[in-house]
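To start, the structure under review is shown below, and the notes come after it.
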Amino acid sequence: LYGWPAGAQLYVTFDGDLRDGVGPLIPAVSAAYDPRFGHDQAHYYDLGVVMLPAGSTAGITPAALPPAGYLTQRAARGGLRGQLFENVGYGVEAFFGAAPPRYVDPGQRLVSESPFMALQPTWLGLLMNADATGEGGDCYGDSGSPKFVAGTETHGGTAPPGRPGLPATPAARA
């Protein structure tokens, strides 16, 4: 995988709280990423697949993938105006009240909501400024985490690496 040492073992968990040490860590069988990753600023190609052993996810219901063009069709009808998206991830929380900033790993899956801002050919723009919206955003370390259409199990995008200075964090468009 990009940036990982050759032969590194990846693990996946679906446990919402990593602090208790109870949830299983599932060793990945293999992983792959898009070879175009990192070469195009207009489209990050920040997508990967982690293959898990057969039967290792028994009892876990996968998120629903939307049909092709789902967000485009909703946007064309004005249906994304006011839509919230759920940001889900295990990233660290940042506290900027004092110098230097503090970063805390809560060790648990966190969820926040961000309002729809824009839809472009390869990006879903969400307003991540908690001060402006009273909602939330992504945390450092949430790259690759899902964006769900709020109130559903429909996957709407994926958090990319941070883009400092932009008013929204774009997510890969479904």
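Couple of notes before you dig in:
- Tyr103 over 13 Å from the mean Cα position of the chain (by Cα), modelled with pLDDT under 85, open to solvent by 40 Å² or more (accessible area, probe 1.4 Å) and aromatic (Phe, Trp, Tyr): yes
- Condition met for Val88 (more than 22 Å from Asp17 (Cα to Cα), in contact with a Ser or Thr (Cβ under 9 Å, 6 or more places away or on another chain) and part of a strand (DSSP E or B)): no
- Reported count of residues in the stretch 148-168, each being part of a loop (DSSP other than H, G, I, E, B), touching a strand residue (DSSP E or B) at 6+ places or on another chain (Cβ under 8 Å) and at pLDDT below 80, is 5.
- Between Asp20, Asp15, the distinction of being open to solvent by less than 50 Å² (accessible area, probe 1.4 Å) and part of a loop (DSSP other than H, G, I, E, B) belongs to Asp15 only.
- Evaluating Tyr90 against the criteria (1) under 15 Å from Val149 (Cβ atoms); (2) in contact with a Leu (Cβ under 9 Å, 6 or more places away or on another chain); (3) open to solvent by 40 Å² or more (accessible area, probe 1.4 Å) leaves one unmet condition, (1).
- Entry remark, the stretch 51-71: residues being outside any loop (DSSP other than H, G, I, E, B) and in contact (Cβ under 8 Å) with a residue 60 or more places away in the chain number 3 in total.
- Filter result for Arg74 (without any contact (Cβ under 8 Å) to a residue 24 or more places away in the chain and among the charged types (D, E, K, R)): yes
- Flag for Leu84 being at pLDDT 85 or above, closer than 26 Å to Val104 by Cβ and not small (Gly, Ala, Ser): yes
- Criterion violated by Arg74 - all others in (1) surrounded by 10 or more Cβ atoms within 10 Å (Cβ to Cβ); (2) under 18 Å from the mean Cα position of the chain (by Cα) satisfied: (2)
- Some residue of the stretch 37-50 being exposed (fewer than 12 other Cβ atoms within 10 Å of the Cβ), without any contact (Cβ under 8 Å) to a residue 40 or more places away in the chain and in a strand (DSSP E or B): yes
- Test for Ser56: is it surrounded by 16 or more Cβ atoms within 10 Å (Cβ to Cβ) and under 26 Å from Thr152 (Cβ atoms): no
The values are calculated or read from the model by the stated rules, or taken from the named source; none is laboratory data. Here the structure is a predicted model, which means the values were calculated and not measured. Please note: Cβ atoms are built from the backbone with ideal geometry, for glycine as well, and neighbour counts cover all protein chains shown. Calculation scope for accessible area: heavy atoms of the full protein, side chains included, ligands and nucleic acids excluded. Shrake-Rupley method; radii C 1.70, N 1.55, O 1.52, S 1.80 Å.
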